Ligand SMILES: NC(=O)c1ccc[n+]([C@@H]2O[C@H](COP(=O)([O-])OP(=O)(O)OC[C@H]3O[C@@H](n4cnc5c(N)ncnc54)[C@H](O)[C@@H]3O)[C@@H](O)[C@H]2O)c1
């Protein structure tokens, strides 16, 4: 197996920035690409803040943090991926947009490079078919946030080679992750099970079964989930959840995967979750509430 030295990450949102951070912390040269300069600048800030948290917890030294940041190059120029050994796509969850990117990556990347997608649900086989190297295309599905969550779900397309699979597995393990393997069917393992649960929580809210707080508390305390499903949906991004439900619905052809109208309406209204300050919950109000509490008490009780 060829030794990996440099990684390209396309998409500097919540997932791409976390994946780029991991790769830089584990000694790889990283090019992080985003078409949106605002996203690139907030990715740089969030990576730097996250690496600093590893330092303050004593998990890495200041020197290792400085080295990691020195290995990270942020740019909007896709052509800079021409020397990357391994490229991970983490852009918007849309098959058309991802396919266009894969066509471009196929032209730009060196012939030996592996092209991985962090897609939550979209067919790897179809993304691979947009390229001239389907044997070197694979799903590498990190969980959110990538620097913290232990799992990587690997998805082989119909033509993914053993070499590509083992190189991807080795990279995930280098990052300290546990790997699970899924067949290439809509939603793979994790989102096939998680998203219908989140969608059902929206139905419970939509049909007035309970308040959002009680739905979340019910699932946290009743089933020992660290976050309630509505809170988790806000954390993932309601646009991402809706796209995944649509992929499940189209790919598996069962009406049980039809997205809840309330989820659709929130996305239409731009309530995309925590990243926009409002989703099911209003984080702008929560932030003000916490700031007020901090002023009056000196510190928060948690
Ligand atoms: N959010 C999650 O919890 C989660 C978890 C696992 C996997 N994923 C998957 O990861 C991918 C990204 O999700 P996210 O939550 O980081 O989204 P996000 O909206 O936070 O970020 C997407 C980024 O991609 C950029 N982008 C869009 N088109 C681009 C292009 N053609 N070239 C370069 N950059 C482009 C956007 O500017 C944006 O910064 C999706 O496929 C999603 O399904 C998300």
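The values are calculated or read from the model by the stated rules, or taken from the named source; none is laboratory data. All values derive from a computational prediction rather than experimental measurement. Cβ: placed from backbone, ideal geometry, glycine included. Neighbour counts: every protein chain shown.
Rundown of residues vs (1) in a helix (DSSP H, G or I); (2) free of Cβ contacts under 8 Å to residues at least 40 places away in the same chain; (3) within 14 Å of the ligand (Cβ to nearest atom), yes/no style:
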{"position": "82", "(1), (2), (3)": "yes, yes, no"}
{"position": "87", "(1), (2), (3)": "no, no, yes"}
{"position": "120", "(1), (2), (3)": "no, no, yes"}
{"position": "159", "(1), (2), (3)": "no, yes, no"}
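Taking segment 132-156 as the range and being out of contact with any strand residue (DSSP E or B) (no Cβ under 6 Å at 6 or more places or on another chain) and under 21 Å from residue 81 (Cβ atoms) as the test, the residues that pass are 132, 133, 134, 135, 146. Give me the residue from segment 210-260 that is free of Cβ contacts under 8 Å to residues at least 12 places away in the same chain and in a loop (DSSP other than H, G, I, E, B) and, out of that set, nearest to the ligand (Cβ to nearest atom). The qualifying residue nearest to the ligand (Cβ to nearest atom) is 227.
Which condition does residue 179 not pass, out of (1) in contact with a helix residue (DSSP H, G or I) (Cβ under 9 Å, 6 or more places away or on another chain); (2) closer than 21 Å to residue 254 by Cβ; (3) touching a residue at least 24 places away in the same chain (Cβ under 8 Å), if it passes all the others? Unmet condition: (2).
Would you be able to say whether some residue in segment 9-19 is more than 10 Å from the ligand (Cβ to nearest atom) and either surrounded by 14 or more Cβ atoms within 10 Å (Cβ to Cβ) or free of Cβ contacts under 8 Å to residues at least 24 places away in the same chain (or both)?
Taking segment 9-19 first, the residues more than 10 Å from the ligand (Cβ to nearest atom) are none.
No, the conditions are met nowhere in segment 9-19.
Here residue 114 clears all of (1) crowded, with 21+ Cβ neighbours inside 10 Å; (2) in contact (Cβ under 8 Å) with a residue 40 or more places away in the chain; (3) over 22 Å from residue 43 (Cβ atoms); (4) out of contact with any strand residue (DSSP E or B) (no Cβ under 6 Å at 6 or more places or on another chain) except the condition numbered (4). Selection over segment 25-42 of residues that are closer than 21 Å to residue 83 by Cβ and within 13 Å of the ligand (Cβ to nearest atom) gives a count of 6.
Yes/no matrix, rows are residues, columns are (1) crowded, with 18+ Cβ neighbours inside 10 Å; (2) farther than 28 Å from residue 215 by Cα; (3) away from the ligand (no atom under 15 Å from the Cβ); (4) assigned by TED's automatic domain parsing to the domain that holds residue 248:
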{"position": "124", "(1), (2), (3), (4)": "yes, yes, no, no"}
{"position": "129", "(1), (2), (3), (4)": "no, yes, yes, no"}
{"position": "146", "(1), (2), (3), (4)": "yes, no, no, no"}
{"position": "178", "(1), (2), (3), (4)": "no, yes, yes, no"}
{"position": "202", "(1), (2), (3), (4)": "yes, no, yes, yes"}
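In this structure, is residue 169 without any contact (Cβ under 8 Å) to a residue 24 or more places away in the chain, in a helix (DSSP H, G or I) and closer than 30 Å to residue 85 by Cβ? The answer is yes for residue 169.
Of the residues that make up segment 33-49, is at least one in a loop (DSSP other than H, G, I, E, B) and surrounded by fewer than 19 Cβ atoms within 10 Å (Cβ to Cβ)?
Yes; the residues of segment 33-49 include at least one that is in a loop (DSSP other than H, G, I, E, B) and surrounded by fewer than 19 Cβ atoms within 10 Å (Cβ to Cβ).
For the residues 22, 69, the requirement of being more than 15 Å from the ligand (Cβ to nearest atom), part of a helix (DSSP H, G or I), at pLDDT 95 or above and within 19 Å of residue 6 (Cα to Cα) singles out 69.
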